[in-house]
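K.L.:
To start, I am sharing the structure in question, which I have written as structure tokens.
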Amino acid sequence: MLLIGTRRHEIMMLLDSRPQLTILELAEQFNVSKMTIRRDLDLLQSEGKIQRFHGGALKVKRFMGSKYEQRANEHRSEKTAIAREAVKHIQDGMSIILDAGTTVAAMVDELESFRGLKIITRDLHTALMLSNEERFGSFDVYCTGGRVSKWAYSLDGIYTEKMINSLTVDVAFLTCEAVSLTKGAMAWSPNLVGARQTTMDAAGKTVLLADSTKFSYNSLAIFAGIDMFDEIITDNRLDAYEAAAYRQAEIPLTIVPGME
């Protein structure tokens, strides 16, 4: 029989080659009881290496960040579908915060039919798009101050947080670099934690927009527990086992159909 540490190492190696494994498969593979495998998986999950679902586990990936231009061209149809669902939370005249990121930026094209919105953003691309007088002339658009992230075209830091702290808005739409049922919503850098936490504090309702590739990742900095959002919106490529785990935990998860 394998030593406990060796068995857990081999479980991780198996998950390198397969997206997910069941407890029954692992118990048979290592000739141990299902209870033993459950204990192994509980420990690996506590270390942030795997994500448990009912009856099995999948490996957690790690997000380190990528340039805006690259992210903007990835999963575009999924982001559009998520954006169309997200704007259902908006009514004419509302005040909203749009977080920095390409998934939230996809909402801009869906806002054209609204009137009188007051929009605050720390995303320079989003602010520039919303400055179009013909399309968004009835909007009041505010861009926070702060430190410029040159590769993400966004603002963060104490001046960003100071402005957002002075606001009260109806809805905040946030994004993240990674999301986990056990760890929560994560940012790639601790520099982003304050801006996102103050955004959530300022809002009457918080909605997390995360395409399915963000799930079962780990990233460096946790900014919110998964139960702190009023809704999480993702696309229908989310693994069925993972979706079931969120629903079992009574997390308000909305899965939108993909677009052609």
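The values are calculated or read from the model by the stated rules, or taken from the named source; none is laboratory data. Source: prediction; values computed, not measured. Please note: Cβ atoms are built from the backbone with ideal geometry, for glycine as well, and neighbour counts cover all protein chains shown. The accessibility values were calculated without ligands, DNA or RNA, using every heavy atom of the protein model including side chains. Shrake-Rupley method; radii C 1.70, N 1.55, O 1.52, S 1.80 Å.
K.L.:
Might you check whether a residue that is closer than 22 Å to Leu167 by Cα, outside any helix (DSSP H, G or I) and open to solvent by 60 Å² or more (accessible area, probe 1.4 Å) occurs anywhere in the range 112-125?
P.N.:
yes
K.L.:
Considering (1) assigned to a strand (DSSP E or B); (2) open to solvent by less than 40 Å² (accessible area, probe 1.4 Å), say which one Ala100 fails and leave the rest.
P.N.:
Status for Ala100: all satisfied but (1).
K.L.:
Need the failing condition index for Ala57 against (1) of a type in the set (A, V, I, L, M, F, W, C); (2) in a helix (DSSP H, G or I); (3) modelled with pLDDT under 90, just the number.
P.N.:
Condition (2) is where Ala57 drops out.
K.L.:
Considering only residues that are hydrophobic (A, V, I, L, M, F, W, C) and either at pLDDT below 90 or part of a helix (DSSP H, G or I) (or both), look in the range 222-237 and name the one that is nearest to Thr182 (Cα to Cα).
P.N.:
Ile226
K.L.:
I need the full set of residues from the range 155-168 which are in contact (Cβ under 8 Å) with a residue 60 or more places away in the chain and either open to solvent by less than 10 Å² (accessible area, probe 1.4 Å) or in contact with a Phe, Trp or Tyr (Cβ under 7 Å, 6 or more places away or on another chain) (or both), in order please.
P.N.:
The one that is in contact (Cβ under 8 Å) with a residue 60 or more places away in the chain and either open to solvent by less than 10 Å² (accessible area, probe 1.4 Å) or in contact with a Phe, Trp or Tyr (Cβ under 7 Å, 6 or more places away or on another chain) (or both): Ile164.
K.L.:
If Val171 satisfies all but one of (1) over 21 Å from Arg76 (Cα atoms); (2) free of Cβ contacts under 8 Å to residues at least 40 places away in the same chain; (3) open to solvent by less than 10 Å² (accessible area, probe 1.4 Å); (4) not in a helix (DSSP H, G or I), what's the number of the condition it fails?
P.N.:
(2)
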